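A.B. asks: Quick one: structure below, then a few questions.
Please treat every number below as a calculation from the coordinates, not as lab data. Note that the structure is a prediction, hence the values are computed from the model and not measured. Note that each Cβ is placed from the backbone with ideal geometry, even for glycine, and that neighbours are counted across all protein chains shown.
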Amino acid sequence: MDVVLVATLPDGDESLGLAYLAAALRQAGHRPRVVTFRGCGDLEEAARRACTAPAPLLGLAIPSGHAAIDILAFLHRVRALGYRGHVTCGGAYATLARDRLLRTVDGLDSVVRHDGEIPIVQLAEALSRGETLASVPGLTTRDGDGVPAPVDDRTGMLMAPERDDLRLYAGVPSAKISAVRGCWGGCRYCGLAGLRREAMREARARGLSTQAACSAGVGGMRRRPVDHVADEMARLYHDKGVRYFHFVDENHLPRDPEQAQAVLVELREALVRRRVGNRAVSLMLRADVATPQVVESLVRLGVVRCLLGVESNTPEGLAALGRGATPEANELAVRNLTRHGISFHLNVLLVHPESTLAFVEAEVQALRGIEGGLLDPFQVEALEGTDLFERLRRRNQLLGGPHVWHFWPEEPAARRFAEAFNLLKRQVMGQQQLTAYAYEVLGTLAVGGKLGRLG
């Protein structure tokens, strides 16, 4: 059966999530086609491409509330152009906001919960046979959640994603790699923590005990075998000429630094055996894992840039956000990365619901201990399904919606600061944050330098 998969990608990069879904569908004998667009400017063209050869199934990627705005506009347009097939959606945001999406978006027929490789195939097969959708696992319709999602099944993450044209970065082919799904952290503002609770609920509905679910990686970190990851990187290196690999995992390394170092050493040795030579690598890294030994192993693996998870550099700020790190660990990580020449970008969540003006002043003072890297202050986002979102909802502090939410701190002085801070960021940085461009420039220099592309 023909299936169209759609994502909005403002940076024009590949959608690794859709690449996995396309591989699952093709392996099952279906004919997937991926359509991507950058935003409202090319939405019309994308909608017409999706409707050119109408497929019975249209799958929409909605990983975030920001993505939902463009994707749901796309859905409205394809329905106006006459599309009459089944429309489903999936992704972290879609999973957490599924009930409201189905209640408020008329053109949407279902939501795939959690990993989509198994549900999308079974949905396509049910539609092709004209069968009821009640038996499709992990599919929510207006009749409810139905059969529990196969959250303990790792089949999807072990598939080889279907890739077409690869993006050039610093003049060389680049590829995204997903080695891990899930996260061991419990940050109050993070959607992954909300997904973890949902996944455990699905596991219990499947009859799994808490111990069995945890053993299967449900609600935590599910890691592909290192040799499996190395095989994918070797194929991309030798067959596609890829020299820059970006790990998209929100939290790539284990919590324990010794285990983290062991993972890095094992991967480097596996790549040596596969004759994967000079390469540049980037990933996301928690500061409390970035010990001197771990950073040295990162360098030997080829890591030249990372997004460093700091978020706050005061004990009070870290506690309010549910972070398990310490200011000392943050500052040590920064020194280690700087010493080894790894380019890094770190966010500081300067404004959160508990912020007071005294807290902001203390946070700014504490940032003097962060020397190096590209620092970007933010107001924490209120993501649906998170502890932070629920706390704001109970306090009647939520503003905006339905897909992107906002709040102001309760203390009047902190609110005045937050208003001025957000206004300044919009006026100076613009809609596309200047720091994001700076990070890409620095990243291009780091990758280009590692691969000898700077002349």
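A.B. asks: Taking θ = phi - 60°, what integer Hz values does the Karplus form 6.51 cos²θ - 1.76 cosθ + 1.60 yield along the range 346-353, in sequence order, with x for Gly and Pro?
C.D. replies: 10, 9, 10, 7, 6, 10, 9, x
A.B. asks: When DSSP assigns beta bridges and you keep just the ones with both residues in the chain, what percent turn out antiparallel, to the nearest 5?
C.D. replies: 20 percent
A.B. asks: On to the next question. State the Cα centre-to-centre distance between the range 229-245 and the range 113-154 in whole Å.
C.D. replies: 32 Å
A.B. asks: For the peptides 347-357, 40-50, 300-310, what is the packing order when you average, over each peptide's residues, the other Cβ atoms within 10 Å and list the highest mean first?
C.D. replies: Most protected by this proxy first, the peptides run 300-310, 347-357, 40-50.
A.B. asks: Arranged from highest to lowest average of other beta-carbon atoms within 10 Å per residue, in what order do the peptides 203-213, 29-39, 2-12 appear?
C.D. replies: Order by mean packing, descending: 2-12, 29-39, 203-213.
A.B. asks: Moving on to the next point. Once every DSSP H run of n ≥ 4 in the chain is given -39500 (n - 2.57) and the sum is divided by its residues, what mean residue ellipticity at 222 nm do you get, rounded to the nearest 500 deg cm²/dmol?
C.D. replies: Estimated from H runs of four or more residues: -13500 deg cm²/dmol.
A.B. asks: Right, here's the next one. Go through the range 103-116 residue by residue and turn each phi into a ³J(HN,Hα) via Karplus (6.51, -1.76, 1.60, θ = phi - 60°); whole Hz please, and just put x for glycine and proline.
C.D. replies: Listing the rounded values in order: 7, 10, 10, 5, x, 9, 9, 7, 10, 8, 8, 6, 4, x Hz.
A.B. asks: Using only the C-alpha atoms of the chain, find the volume of their convex hull and express it per residue in Å³.
C.D. replies: Once divided by residue count, the hull of the chain is 150 Å³.
A.B. asks: Quickly rank 312-322, 98-108 as a protection proxy: mean count of other C-beta atoms within 10 Å, highest first.
C.D. replies: Ranked by mean Cβ neighbours within 10 Å, highest first: 312-322, 98-108.
A.B. asks: Let me ask you something else. If you average the C-alpha positions of the range 17-84 and of the range 156-188 separately, how far apart do those two centres end up, in angstrom?
C.D. replies: Cα centres, the range 17-84 to the range 156-188: 20 Å.
A.B. asks: Under the Cβ-under-4.7 Å rule, which cysteines of the chain stay unpaired?
C.D. replies: Isolated Cys, the chain: 40, 51, 89, 183, 214, 306.
A.B. asks: Alpha carbon centre of the range 325-393 versus the range 280-305: separation in Å?
C.D. replies: The range 325-393 and the range 280-305 have Cα centres spaced 19 Å from each other.
A.B. asks: Collect residues whose amide H, placed 1.01 Å from N in the peptide plane, falls under 5 Å from the amide H of residue 408; neighbours closer than 5 in sequence don't count.
C.D. replies: Amide H neighbours of residue 408: none.
A.B. asks: A follow-up question, please. Roughly how many debye, to the nearest 20, is the charge dipole of the chain about its Cα centre, given +1 on each Lys and Arg Cβ, -1 on each Asp and Glu Cβ, and no other charges?
C.D. replies: Dipole size: approximately 640 debye.
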